[in-house]
Amino acid sequence: MKTRRNIDMNSSAADSHASMSMKPKATRSQLLAVTLLTLLALAFGVFIAALYGNFTMSARNMQPESMPGMNMGNQSMPGMNMNNDNKSMPGTNMSGTKFPTPISSLSPAPMSSVTQMNGLVMPPGMIMTSDMSMEAMADMAAVDLTKIAYTAPVDARGDQTLTPKLENGVKVFNLDASLIKWNILPNVQVAAYAFNRQVPGPQIRVTEGDRVRIVVKNNLPEPTTVHWHGMILPNNMDGPADVTQKPIAPGASYIYEFTVKQAGTYFYHSHKDVDRQQTLGMYGALIIDPKNKPETPTYDQDFVVQLQEWTVKQGYTFPAMPMEGLMPNFFTINGKAYPSTQTINAKIGQKIRFRFIGSNNAFIHPMHIHGGPFKIIETDGNLLPATAQIEKDTINVAPGERYDVIWTAREKGKWLLHCHIAHHATNDNVEVEGGGGLTMIINVT
């Protein structure tokens, strides 16, 4: 029995060993393939889960006590509602759904207002820090209404041609700088820095080769100078304060005299605290006719378009600047906002020369004319060769630039000339009679 049992056990072990030795062995390539397939299956599973799954925490499965230190009500997490009702949550909830807060649940917006700092009126929204100098604040402050002694008539217009006196062959012009109140609309009045009590200042028109003398009287409460933009002249006549001349003190006068050596469209403007004085109205057109027969294409009408921005808040006028609190809300062509801008009347077939002047100093205006393209004939006072005169219907006018274009009245009707930045064609963000701001009508009959 004992021998028999040993034989059986030996036989069973032998069979088992034989069976194990008969199993096929996996090759290295097979193991690699299985590993790759497993990784691919895992990656595919993760991709499907990410595509269709929702891994965000849900307020439905979350109780306030489950998040120590956090109140899941509306009070402690502005902009997020952790409740289940999804009725008053602004923005995004914890499951990723976005929808607006009902108007009835919104808080009233805080009303910002003009403020005063050491007697200066500062605009709403202005960021003032402890290290801001009084000089900087004065530069950005509202025009001091107590120092204005003259109010122009509501319908007064700027860019009026200034007639010179002739003294020993010299054309003499007189410019007076002062603070005035000026209406850009019948119901909107601004406080302005002005030449000869108008905005823009009077148009000075001379002929190439003229000897001119401009006497500037400063009736402002602060110093100023005048720069003759783009002109070739003696350096001491150029006008930058503290560079080529001492500023003209309040009550004082200064004489600029030079021979006109160019023809074309130019302009003049303050060159003392330019971001304030020019921005608030101290500029005017300087048009120089050629001495000899002009080489420009013929035209029937000649119209100057001077561009400007204004910042008017709560009855105060601030210098418009691209910064907090000083962004403009009114825009003018030749000192008026549409619908108070001038309407140009023309007949079918007539050609109008528009002289665009970037008399503003902080923003670019893409000026567009309806009713067909115009031809650009001159840039910055320089006549373009006929081969370089291109046609467009919109042109970007940057601060300081001038573009002379000729537009043909092709069809009857009311055709708009306007800035193509829509905000610049509104009055304090409101359209009036189809537009506002930098808009005017060309009426073709």
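The values are calculated or read from the model by the stated rules, or taken from the named source; none is laboratory data. The structure presented is a predicted model; accordingly, all values stated were derived computationally and were not measured. As a convention, Cβ positions derive from the backbone with ideal geometry for all residues, glycine included, and neighbour counts pool all protein chains shown. Please note that ligands, DNA and RNA were not included when accessible areas were found on the heavy atoms of the full protein model with its side chains. Shrake-Rupley method; radii C 1.70, N 1.55, O 1.52, S 1.80 Å.
Tell me yes or no: at least one residue of segment 243-264 is of a type in the set (Gly, Ala, Ser), open to solvent by less than 20 Å² (accessible area, probe 1.4 Å) and over 23 Å from Phe303 (Cα atoms). Scanning segment 243-264, I find no residue that is of a type in the set (Gly, Ala, Ser), open to solvent by less than 20 Å² (accessible area, probe 1.4 Å) and over 23 Å from Phe303 (Cα atoms), so the answer is no.
Taking the criterion of being over 29 Å from Asn382 (Cα atoms) and open to solvent by 10 Å² or more (accessible area, probe 1.4 Å), would at least one residue in segment 199-215 satisfy it? Give the derivation first.
The initial filter retains those residues of segment 199-215 that are over 29 Å from Asn382 (Cα atoms), namely none.
Within segment 199-215 (the criterion being over 29 Å from Asn382 (Cα atoms) and open to solvent by 10 Å² or more (accessible area, probe 1.4 Å)), the answer is no, since none of the residues qualifies.
Each residue in segment 375-414 was checked for being open to solvent by less than 30 Å² (accessible area, probe 1.4 Å), at negative phi and within 26 Å of the chain's Cα centre (by Cα), and 8 pass.
Are any of the residues in segment 215-237 closer than 30 Å to Thr296 by Cα and of a type in the set (Asp, Glu)? The answer is no; no qualifying residue exists.
Condition check ((1) over 30 Å from Arg211 (Cβ atoms); (2) in a strand (DSSP E or B); (3) of a type in the set (D, E, K, R)) across all residues:
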| residue | (1), (2), (3) |
| --- | --- |
| Ile288 | no, yes, no |
| Thr298 | no, no, no |
| Thr317 | yes, yes, no |
| Gly325 | yes, no, no |
| Ala362 | yes, no, no |
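Taking the condition over 26 Å from the mean Cα position of the chain (by Cα), assigned to a strand (DSSP E or B) and of a type outside the set (S, T, N, Q), does Ile352 pass? Yes, satisfied.
What is the residue count in segment 222-241 for residues that are open to solvent by less than 60 Å² (accessible area, probe 1.4 Å) and either among the aliphatic types (A, V, I, L, M) or not in a strand (DSSP E or B) (or both)? Step through it out loud before you land on a result.
Initially, segment 222-241 is screened for residues open to solvent by less than 60 Å² (accessible area, probe 1.4 Å), giving 222-231, 233, 237-241.
Narrowing the set further to residues that are either among the aliphatic types (A, V, I, L, M) or not in a strand (DSSP E or B) (or both) leaves 222-223, 225-226, 230-231, 233, 237-241.
Count: 12.
Using the structure shown, decide if Glu378 is in a loop (DSSP other than H, G, I, E, B) and under 19 Å from Gln301 (Cα atoms). Judged against the criteria, Glu378 is not a match.
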